[in-house]
Amino acid sequence: MNDLNDEEYEVDQYIEDMKSLIEAVKSKDIQDITLFASSPYDETVSVDVAPIPGKLERMLIAAKKLKQIAKIEGYHFVDFTSPITKIN
């Protein structure tokens, strides 16, 4: 999800890049595919490095879209983003 660090890198572009990666994997005759939504990003943490505004929102949107792809294509899906975000 480091791709989403850049505010200019749109979620839709991330999803298109993921689709390309999936096609590359499928071209190697791998059919058992699992998509993952990564652990959430904490924009409120106090550290020496400035937080990346809007990253968590972009990650949540990407997770939702990856889940849709997994459902449509019959892939496995593991979502670390949404449940952990609810806990925080």
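So, in the range 66-88, of the ones that are of a type in the set (D, E, K, R), out of contact with any Asp or Glu (no Cβ under 8 Å at 6 or more places or on another chain) and under 22 Å from residue 33 (Cβ atoms), which residue ends up modelled with the highest pLDDT?
Only one residue tops the list, namely 71.
I'd like the full set of residues that are hydrophobic (A, V, I, L, M, F, W, C) and either within 19 Å of residue 67 (Cα to Cα) or open to solvent by 90 Å² or more (accessible area, probe 1.4 Å) (or both), limited to the range 31-46. Lay out the reasoning, then the answer.
Within the range 31-46, the subset hydrophobic (A, V, I, L, M, F, W, C) is 33, 35-37, 45.
Passing the criteria: 33, 35, 36, 37.
Could you grab me the full set of residues in the range 47-77 that are of a type in the set (Val, Ile, Thr), open to solvent by less than 80 Å² (accessible area, probe 1.4 Å) and not in a helix (DSSP H, G or I)? Before the answer, list the steps.
Step one: filter the range 47-77 for residues of a type in the set (Val, Ile, Thr), giving 47, 49, 52, 61, 69, 72.
Then keep just the ones that are open to solvent by less than 80 Å² (accessible area, probe 1.4 Å); that gives 52, 61, 69.
Selection gives 52 alone.
The values are calculated or read from the model by the stated rules, or taken from the named source; none is laboratory data. Computed from a prediction, not measured in an experiment: that's the story for all the values here. When we count neighbours, we look across all protein chains shown, and the Cβ atoms used for this are built from the backbone with ideal geometry, even at glycine. These accessible areas exclude ligands, DNA and RNA; they are computed on the full protein's heavy atoms, side chains included. Shrake-Rupley method; radii C 1.70, N 1.55, O 1.52, S 1.80 Å.
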